[in-house]
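See structure below.
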Amino acid sequence: MAQCFLVILSLIAGTPAQDALPVVRARTRVATITDGHHLKKNYWYVMPERKPDIYYVEVPLEPHKVTFTTDVEAITFDVSYGSRHPFIVRLEDGTEAHTELRAEFKDLLRHERPTTIGNVDAIPFTLGDNDKIYLQGRVNGGPPLSLQFDFGAGGSVIKDTSVPKANMTFDGTITLRNSDGVNEVRSSSRNRLEIGGLVWRDVPFAVARNMTHREDAIVGNSLFRDKVVEIDYRRMTLVVHTARPPIGSEWRRQDMYLDGGTVPFTRGVLAVGGQSQAGWFLLDTGAYTSILNSPRLFSTTKIGGELRRLLGPLGGLPPEVTVSIAGETVSDINYSTRRYDGDPTSLGVLGNDVLKRFDWIVDNRAGVVFLRPNHHRTQAFRNPERLVSRLAAVFIVLVGAGVAWRRAAGRNPRLYPSR
């Protein structure tokens, strides 16, 4: 019976003209949204005071299904670019929340192409000693700035000490979440950004302190939400396409979702000690190393592995950790761990020491990514944390040996010379 009711709701939602809006019942105000491949569990909070309360789909140019699920029932919509889907969430006390799904962009940034011929823009980049991507640009006509291109960034951020170079006027604040935690920071909403001859206007920036000497600011995929972005490590160029270019057989197509419409995740497999879990990796060019999420990985895993290596045959083999994407399996990677969040499909973050081994084509228009192994694929990983792990393992061995000796000495007083 419940399945029949959901089918009826789906049929109603798909009808373009209705005198009465579809109604979804709910006991609580927390709801889950499934937007294409992206399961956003307990993401939505019902707010009747907003009329309507609007959800913008993450890949509006690609037709797909979006499901809104309460603790009572669900409704599914077939969305396509420009479509709007109003419905009502009716709470247990009779309160009604007018809600709407929209397959359109909110606050889309578009660039001007004054010096470009055709539908392709190529921006040169360099690869830093931290394996991150760097572009040259200007903000508000100021001096040249070093811009880190970060697919893991939801927006544009400028370093606090680089603000004087950007002629920036601040007109608000914003909540910024980064490695410094969650903070209320200054923001500037109307800025002219120039990168490689391309110009964006009204670009919002937040101010942050957690940057290095290498960069003045961070920009990301928010600049290209209706474009196709190619990262070519052979030519060291970031290429912006208005449509997907021809794709050769050397490229591997991967499903992708865009968290918040900007941050790419793709399917992959994380294996620890031969046990595999399939799920989604965040593709984060702004991270040097990977941060992995598994119930079989702990903060002591790397130290334990190095301890086993030091002990040789006595220690046995440490559990091998591998990452697989686009048909390629990468091992011996540099990684850290985070506390397992209980979601087996959340595999963690792939940093650019892994991602630089692939050329990319990120199709923001269709919600897919193409990967191609490149000349970095066979390079050994620089693993500075391995030395730290080995030193920690040696320290643990020495401390353990010292404790064992003291205990043995305490049980046998003859070990101490008498006076």
**Item:** Those residues of region 342-376 which are small (Gly, Ala, Ser) and surrounded by fewer than 24 Cβ atoms within 10 Å (Cβ to Cβ), in sequence order
**Value:** Gly342, Ser346, Ala366, Gly367
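Could you list, in sequence order, all residues of region 204-219 that are part of a loop (DSSP other than H, G, I, E, B) and buried (at least 22 other Cβ atoms within 10 Å of the Cβ)? Can you show your working first?
Let us first name the residues in region 204-219 that are part of a loop (DSSP other than H, G, I, E, B), namely 204, 209-216.
Of everything in region 204-219, those that are part of a loop (DSSP other than H, G, I, E, B) and buried (at least 22 other Cβ atoms within 10 Å of the Cβ) turn out to be Glu215, Asp216.
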**Request:** Would you be able to say whether some residue in region 203-213 is among the hydroxyl-bearing types (Ser, Thr, Tyr), in the same structural domain as Ser156 (by TED's automatic domain parsing) and either over 18 Å from the mean Cα position of the chain (by Cα) or modelled with pLDDT of 95 or more (or both)?
**Result:** yes
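Conditions (1) more than 24 Å from Asp343 (Cβ to Cβ); (2) among the basic types (Lys, Arg); (3) modelled with pLDDT under 95, marked per residue:
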position: Leu6; (1), (2), (3): yes, no, yes
position: Val30; (1), (2), (3): no, no, no
position: Glu49; (1), (2), (3): yes, no, no
position: Ile54; (1), (2), (3): yes, no, no
position: Pro60; (1), (2), (3): yes, no, no
position: Val66; (1), (2), (3): no, no, no
position: Asp78; (1), (2), (3): yes, no, no
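Within 20 Å of the chain's Cα centre (by Cα), surrounded by fewer than 19 Cβ atoms within 10 Å (Cβ to Cβ) and farther than 22 Å from Ile123 by Cα, is that true of Gly181?
So Gly181 fits the description; yes.
Give region 34-83 a look and list any residue that's among the polar types (S, T, N, Q) and either more than 20 Å from the chain's Cα centre (by Cα) or surrounded by 16 or more Cβ atoms within 10 Å (Cβ to Cβ) (or both), or say none. Don't jump to the end; show me each part of the working.
First pass over region 34-83, keeping only residues among the polar types (S, T, N, Q): 34, 42, 67, 69-70, 76, 80, 83.
Hits for region 34-83 are Thr34, Thr67, Thr69, Thr70, Thr76, Ser80, Ser83.
Filter region 224-239 down to the residues that are within 20 Å of Tyr81 (Cβ to Cβ) and either in a helix (DSSP H, G or I) or among the hydrophobic types (A, V, I, L, M, F, W, C) (or both) and list them by number.
Result: Phe224, Val228, Val229.
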**Asked** Which of (1) in contact (Cβ under 8 Å) with a residue 40 or more places away in the chain; (2) in a strand (DSSP E or B); (3) in contact with a Gly (Cβ under 7 Å, 6 or more places away or on another chain) is the odd one out, the single condition Val199 does not satisfy?
**Response** (3)
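The values are calculated or read from the model by the stated rules, or taken from the named source; none is laboratory data. All of these numbers come straight from a predicted model, not from anything done at the bench. All Cβ positions, glycine included, derive from the backbone under ideal geometry; neighbour counts span all protein chains shown.
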